[in-house]
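Below: the structure, in structure tokens.
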Amino acid sequence: MDDKKTWPEVEKAAAENRRELVLQGTAANAKISSHGGLSSAIYSLTLLNYLEVSQCPSLTEIHEDIRHLTNLQSLILCRNKLACIPDVSSLKSLKVLDLSANNLALLPDGITQLRELTTLNVSCNHLEALPDGLSQCAKLSSVNMSKNRITGFPRDLYSERLDLLSTLVASDNAIVELGKDIHKLVALKVLDLSNNQLSDIPSSLSECPKLKEINFRGNKLNDKRLEKMVNGCQTKSILDYLRGKARQGEERGDVDGGRSVNDKKRRQKKKREEEHNELEEINKMVIKVLHVSDAPEALTVKVSAEVKDVRPYLVCCVVRGMLLKPGNSLKRFLVAQTKLHEDICGKRTIATIATHDVQLLKVPLTYDVKPPTQLKIVPLGRKEMTAVELIRHLQLEADELRKQKKRQNVTGLHKYLQLLQGKELYPCIVDADGHVISFPPITNSEKTKIKKTTKELFLEVTSANSLQTCKDVMDTLIAKMAELNKFTVEHQEEAGSDGEGDAPADQTASTEACSELIIQQVRTVDQDGNLKVVYPSKTDLSRDIPNLRVIW
């Protein structure tokens, strides 16, 4: 059978000289199963710089002809059943390589020849080792080798050449030793070695100048005090302890063991500075980004071509860890959202925010358009009605409000209603059952309304202005959520009803509550599955927001 007839996505990518191709999920898996593998025509798409084939359990191998895709910058082959990977050393432009959640027992040595590689994710496989020579990939910034059978790091991993390596995740392996040369990784910020077989943590780890987050939980350490600390203390406290151990070792080597008065003063001053920095670190709001590849069930929103002429820009994400149950936390969040609509969103004329309870969503979701008479929604606090009926009600309410306040000018409500005037089609987000759950910039649905019991929030920001507008608003919203969470934890409010009757009252909020937010990336794709945007990306949440730390 002709490949092009079997794979219309490949034919379209070739005809339109596309730079991106995404094949994922049930439909792609069916093609791979019936064809006995990937279409060979894919390997002739030499203009591709982004190729993703994911969530396809029928995919067990990649042909060596992948070497022809020399313009690839991102190769995403996660959540398949790959047993081996061919030589990829010819992919000299490759920056991102994601081979997570496969059946790989070995990686090709050619990976070490990828001089532009910045991100390597080989988590959730059957690897016993990574190839030696990774230090040749001098631009590496993130390596994830978690959930394998690895017993030790490559001998050249602790190299001064890897001066950009900021994230090293090797949890859930069988690693027995962390080398003393770990301090040579001068850019290291995140180190996760939880659930391994370490018996010691070298004191030299405290010399890593940028280290902000470490995780050694689940290791049986010889130093029982240190073992207790890694299971409950802040990173800064653990590093201080390791630093103290290093100083004790130095002092034992002194001839007289004495210290001058000036030396004591310097040490006391340094200790005060460290305590101050530790306090600042503890007081920071923390946001942790969970990448799409780390979440097999990550949400994807399909965007129809018709929204281009109505309200073309959309970004979404999922937020976990938002504390809505204690005290007035839900009310404060809703008030904050309203204020953002008034300010940064220009009374919804610039952008609109909507929030949903993830547990009430029926995926997949589609960002689409409908004629006003056919768009039906259950607006917040109202019964089901068409868009025409809803706008008529809102217009009457706005007119009545203007009369009561004796205003001659147009109110904020009038302004965002005018955005839809003259439109033959209205934008909306539709769930898997065909129900409208969001009608921007007007309202979202009562069916997916967040409550005190909501544990995961689906956030959406839409705009007719620009994609960057959506991202800026979403950045601001997430930062505000982090601020509200921190306030809730610090004040340990009593949890109870806010009048909605949707949550049982607790006596007090948990003293172990954590203010950290986890942001799950969400992709938006076009009708052919081609990536439009993923939020948040590395360039998002990067503004200088005081007291905010983002962990990638």
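Please treat every number below as a calculation from the coordinates, not as lab data. Since the structure is predicted, the reported quantities are computational estimates derived from the model, not experimental observations. When we count neighbours, we look across all protein chains shown, and the Cβ atoms used for this are built from the backbone with ideal geometry, even at glycine.
Take the Cβ atoms of Glu160 and Gln359, set R0 to 45 Å, and the FRET efficiency comes out at 0.40. The trypsin sites (Lys or Arg not before Pro) of region 150-248 meeting both criteria, a DSSP state outside H, G, I, E and B (loop) and at most 11 other C-beta atoms within 10 angstrom of the site's C-beta, are Lys210, Lys220.
In order along region 385-397, the phi-based Karplus estimate (6.51 cos²θ - 1.76 cosθ + 1.60, θ = phi - 60°) of 3J(HN,Hα) comes to 7, 7, 4, 4, 5, 5, 5, 5, 4, 5, 5, 5, 5 Hz; Gly and Pro are listed as x. Residues whose amide H comes within less than 5 Å of that of Cys317, counting only those at least five positions distant or on another chain, are Leu459 (H built at 1.01 Å from N in the peptide plane). Proximity of backbone amide H atoms, modeled 1.01 Å from N, is registered between Gln24 and Ser54 at under 5 Å, excluding neighbours fewer than 5 places apart on the same chain. Cross-link check: pairs Lys180/Lys538; Lys449/Lys480; Lys449/Lys532 evaluated at a Cα-Cα cut-off of 22 Å; pairs beyond the cut-off: Lys180/Lys538; Lys449/Lys532.
Kindly identify region 1-93 as rounded, prolate or oblate by the Cα gyration tensor criterion: order the square roots of the eigenvalues as a ≥ b ≥ c, call it rounded if a/c is under 1.5, otherwise compare a/b with b/c, prolate if a/b is larger, else oblate. Verdict is oblate for region 1-93.
Annotation: amide H-H contacts under 5 Å for Lys288 (H modelled 1.01 Å from N, sequence separation of 5 or more, or interchain): Leu517, Ile518, Ile519, Ile551. Under 18 Å from a label point 7 Å along Cα→Cβ of Glu128: give me every residue in region 79-114 with its amide N that close. Backbone N within reach: 83-85, 103-109.
What pairs in Lys362/Lys423; Lys370/Lys447; Lys308/Lys452; Lys224/Lys288; Lys212/Lys486 have C-alpha atoms more than 25 Å from each other? Those over the limit are Lys362/Lys423; Lys308/Lys452; Lys224/Lys288.
Whole-Hz Karplus values for region 368-381 come out as 9, 10, 9, x, x, 7, 9, 7, 10, 8, 9, x, 3, x Hz, taken residue by residue from phi with 6.51 cos²θ - 1.76 cosθ + 1.60 and θ = phi - 60°; glycine and proline positions read x.
Would you mind calculating the relative contact order of region 1-87 from Cα pairs under 8 angstrom and at least 6 residues apart, reporting the percent as a whole number? Present the calculation step by step, with values, prior to reporting the outcome.
Details: 144 pairs, mean separation 24.5, N = 87.
For region 1-87, the relative contact order is 28 percent.
As a footprinting exposure proxy, order Phe439, Phe487, Phe458 by other Cβ within 10 Å, with the fewest listed first. Working shown, then result.
Details: Phe439 24, Phe487 15, Phe458 28.
Result, fewest neighbours first: Phe487, Phe439, Phe458.
The simple spin-label model puts a point 7 Å past each Cα toward its Cβ; for Val186 and Ser58 those points are separated by 5.2 nm. Phi angles of region 232-239 translate, via the Karplus equation with coefficients 6.51, -1.76, 1.60 and θ = phi - 60°, into HN-Hα couplings of x, 9, 5, 3, 4, 5, 5, 5 Hz per residue; Gly and Pro are given as x.
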